[in-house]
Amino acid sequence: MNIIVTGGAGFIGNHVIRLLVNKYPNDLIVNVDKLTYAGNLENLRDVEKCSNYRFEKVDICDLDSILALMKKYEIEGVIHLAAESHVDRSIKDPFSFAQTNVMGTLSLLQAARLYWESRPERYEGKRFYHISTDEVYGALEMNHPEGGNEPGGGPWGSEFFTEDRRYQPHSPYSASKASSDHFVRAFHDTYGMPTVISNCSNNYGPYQFPEKLIPLFINNIRHRRPLPVYGKGENVRDWLYVEDHARAIDLIFHEGRVAETYNIGGFNEWKNIDLIKVLITTVDRLLGRPEGADMDLITFVTDRAGHDMRYAIDSTKLKQELGWQPSLQFEEGIEKTVKWYLDHQEWMDRITSGDYMKYYEEMYANR
Ligand code: NAD
Ligand code: TYD
């Protein structure tokens, strides 16, 4: 197939591109990315010379340019990851989230529709796959703030997000993602476009932009800078290793049922404060510092506005229908992740200095 992956220079996108380019040498993988602050083409150095990979610096909101790309590459599938993705930024600037996440998704859907409907085979053999988040479902209760183990429940609460859960977004980020999910379903129901959606929990792993909790805190611990923990650090997130998400995306794109939604998560809930302590212990051990030497970096700061208390995904449907399950235990995944960031200080430094943004000009602009 000829496939557009949007947002391929971002955190999850580069793992998806790497997997597809290596696994399907006869497919053409076109990475469409505007290269915002979150896009880093250096993440894809290892695949940029592959004959089945192309990069196009295009904004998904630019319908005409997307339509031209659909025609140029005779696109049969779209895997849509491009988005503004950081909740704190959405609180400061909600409009850019509506623009990219809602209007951008709508432009992409419309471009796919116009191109596919102009072809004799129309929607046959086509697929539009939208990557979404568990945050659209809102927040779950903390029924057991001290931890409990009731049968069928999670450690901190009895409920999980299932695919039929009511949408109840709280942040401008999750509201924009919820809206984009509705547009994707509307394009299936109205025009018959073969769409599929997945909603995943928090990802962690290599190449995540260091504004998000895990890479930010690993870097701060390394440099002995304060760790700004929002509120009391009691909020719970459900963490999945990014390569496991990429494997799920591959599976759902190829084998998921049209018009379905699949939740993706590893049943791996952590209170922020407990996770942060694991990060401190791991960084200290790997750097040969005394155990717990950096615990005093923990600094409680004003809570995030509208901070969702608990996320927890039930991914039973994906396991039962498509046989997916996470490959990594959290202990193994977090060890790999901390080690990766400590071993890639230059990657981190090029982001903090802004040098990563020059890579496109140096490598692509004059081609
Ligand atoms: P990211 O912020 O790391 O990357 C986003 C990418 O999209 C960047 O490369 C950026 O340049 C590109 N982009 C932004 N606006 C664009 C535009 N207008 N046109 C073209 N490209 C544009 O995000 P991520 O963490 O990799 O998340 C990818 C997707 O997965 C998002 O849709 C997000 O909502 C979803 N998701 C993320 C997580 C997570 O934990 N990171 C969890 C569940 C779902
Ligand atoms: P984040 O990585 O921003 O992901 P999301 O908000 O999409 O879940 O944050 C993960 C959790 O960590 C979230 O509960 C907010 C919290 N957090 C902090 O306490 N301090 C920080 O500096 C950041 C970035 C996040």
*All positions within the stretch 211-235 that are touching a helix residue (DSSP H, G or I) at 6+ places or on another chain (Cβ under 9 Å) and among the aliphatic types (A, V, I, L, M)*: LEU213, ILE214, ILE218, ILE221, LEU227, VAL229
*Give the residues of the stretch 54-88 that are within 17 Å of LYS177 (Cα to Cα) and out of contact with any helix residue (DSSP H, G or I) (no Cβ under 8 Å at 6 or more places or on another chain), sorted by residue number.*
ASP88
_Spans of helices (runs of 4 or more DSSP H) in the stretch 1-101 with at least 1 residues touching a Cys at 6+ places or on another chain (Cβ under 6 Å) and more than 17 Å from ARG127 (Cα to Cα)_ = 11-23
*Kindly provide the set of residues from the stretch 218-240 that are within 15 Å of ligand 1 (Cβ to nearest atom) and either modelled with pLDDT under 95 or closer than 23 Å to LYS336 by Cα (or both), ordered by number.*
VAL236, ARG237, ASP238, TRP239, LEU240
*Looking only at the stretch 67-87, decide whether some residue is among the hydroxyl-bearing types (Ser, Thr, Tyr), farther than 17 Å from ILE249 by Cβ, surrounded by fewer than 23 Cβ atoms within 10 Å (Cβ to Cβ) and within 16 Å of ligand 2 (Cβ to nearest atom).*
no
*How many of the residues in the stretch 13-58 are closer than 20 Å to GLU346 by Cα, touching a Leu at 6+ places or on another chain (Cβ under 8 Å) and surrounded by 22 or more Cβ atoms within 10 Å (Cβ to Cβ)?*
2
_Residues located in the stretch 136-194, provided they are at pLDDT below 95, crowded, with 21+ Cβ neighbours inside 10 Å and of a type in the set (A, V, I, L, M, F, W, C)_ = TRP156
_Looking for something within 16 Å of ligand 2 (Cβ to nearest atom) and either without any contact (Cβ under 8 Å) to a residue 12 or more places away in the chain or buried (at least 17 other Cβ atoms within 10 Å of the Cβ) (or both) - is there at least one such residue anywhere in the stretch 107-115?_
no
*Please determine, by comparing only the residues of the stretch 295-321 that are within 16 Å of ligand 2 (Cβ to nearest atom) and of a type in the set (D, E, K, R), which one is nearest to ARG257 (Cα to Cα).*
ARG310
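The values are calculated or read from the model by the stated rules, or taken from the named source; none is laboratory data. Keep in mind the model is a prediction, meaning the values are calculated, not measured. Cβ: placed from backbone, ideal geometry, glycine included. Neighbour counts: every protein chain shown.
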